[in-house]
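To start, the structure itself, in structure tokens.
The values are calculated or read from the model by the stated rules, or taken from the named source; none is laboratory data. Keep in mind that this is a model prediction, so the values were computed, not measured. Using ideal geometry, Cβ is built from the backbone for each residue, glycine included, and neighbour counts are taken over all protein chains shown. To get the accessible areas, we keep the full protein, side chains included, count just its heavy atoms, and leave off ligands, DNA and RNA. Shrake-Rupley method; radii C 1.70, N 1.55, O 1.52, S 1.80 Å.
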Amino acid sequence: MASEFKLRDTLLERLSGARHVFVLTGAGMSAESGIPTFRDAMAGLWAKYRPEELATPEAFQADPARVWRWYEERREAVRAAEPHAGHFALVELETLLPAVSIITQNVDGLHQRAGSGTVCELHGNILRSKCHISHRQIGREWIADDNHNPPRSPYVKGGLARPDVVWFGEVLPQDAFDAAMAAAVDADFCLSVGTTSLVQPAASLPLLALEHGAALVEINPQETPLSLHADQCFRGKAAEVLTSIIDQLKA
Ligand code: NAD
């Protein structure tokens, strides 16, 4: 088969015989669905800020209204987005192999909307909200009915609603990270898609899979610190490369 994104024969063999595929996705996975990466989201009104100035507990403490407004814009983008061919290719992968674990740094829920079965959200979900003090989840109806910016928490006096995402400087949800580590250790094939491989601890997961014997393939238009560890790197976009890999697997 003639493909710009041809998997090496040995890797195609390993993927065809894989027992468990571990897929780590980052913001680049959602770029073709129209959801900006952080770098792209810092445009217009927000150009004067860095993500670290909006996506931190300190930023929320200093100016909750500003941070809530920024997240409202990002939620609009997520609500308007649809999964793309790359998300559906990963759903199809599940029908071709015994086990596929998707570990995502994305907070947009697009893998689940596409229909992937095993999705582990390392950084939370932007469409959910929680109390900034008790961290208990707050329902959508409550958020919709409260006109404050941000809405008040129903649980704690002085508490405010904040997005249920992991901010810079915060710890990942332990259950999600434990599940991701277990999947990385068990996997025999790893795909890293659309992530700069800089944000820890997520960036360490493909290396953990590699240490435990998995083959490693990276999909990213740009080189990353993971590239030199990969068995093969595809310098293309998530949708085109993932659909090509599925075609090769089915051929
Ligand atoms: P990131 O560190 O994951 O970087 C994006 C990467 O995607 C870059 O390496 C870029 O070269 C690559 N890329 C761009 N377009 C691509 C495409 N079409 N196909 C494949 N790769 C492509 O993301 P970030 O923007 O620096 O964000 C850091 C963290 O912030 C994320 O890990 C996430 O937790 C959160 N975030 C989430 C979303 C989302 O849920 N969609 C969006 C922005 C930020």
For the subset of segment 10-52 comprising residues that are open to solvent by 70 Å² or more (accessible area, probe 1.4 Å) and within 14 Å of the ligand (Cβ to nearest atom), which member is farthest from the chain's Cα centre (by Cα)?
ARG50
Reported set for segment 184-202 where residues are in contact with a Ser or Thr (Cβ under 6 Å, 6 or more places away or on another chain) and open to solvent by less than 10 Å² (accessible area, probe 1.4 Å) is VAL193
For segment 226-251, give me each residue that is in a strand (DSSP E or B) and away from the ligand (no atom under 11 Å from the Cβ).
GLN232, CYS233
Would you confirm whether or not segment 99-107 contains a residue that is surrounded by fewer than 19 Cβ atoms within 10 Å (Cβ to Cβ), more than 16 Å from LEU242 (Cα to Cα) and hydrophobic (A, V, I, L, M, F, W, C)?
yes
When VAL166 is run through (1) β-branched (Val, Ile, Thr); (2) in contact (Cβ under 8 Å) with a residue 24 or more places away in the chain; (3) within 24 Å of GLU92 (Cα to Cα), the failure sits at (3)
Checked segment 111-127 for anything at pLDDT below 95 and open to solvent by less than 30 Å² (accessible area, probe 1.4 Å); matches are none
When residues of segment 213-225 are limited to those that are in a loop (DSSP other than H, G, I, E, B) and more than 10 Å from the ligand (Cβ to nearest atom), the one farthest from the chain's Cα centre (by Cα):
GLY213
Given the condition in a loop (DSSP other than H, G, I, E, B), more than 16 Å from the ligand (Cβ to nearest atom) and touching a residue at least 12 places away in the same chain (Cβ under 8 Å), answer yes or no: does some residue in segment 66-84 qualify?
no
Scanning segment 85-100 residue by residue, the ones that are among the β-branched types (Val, Ile, Thr) and either farther than 18 Å from VAL21 by Cβ or assigned to a helix (DSSP H, G or I) (or both) total 2
Using beta carbons and a limit of 6 Å, which pairs, at least six apart or on different chains, have the first residue in segment 101-128 and more than 18 Å from ARG75 (Cα to Cα) and in a strand (DSSP E or B) and the second one open to solvent by less than 30 Å² (accessible area, probe 1.4 Å) and among the β-branched types (Val, Ile, Thr)?
ILE102/VAL23; VAL119/ILE102; CYS120/ILE103
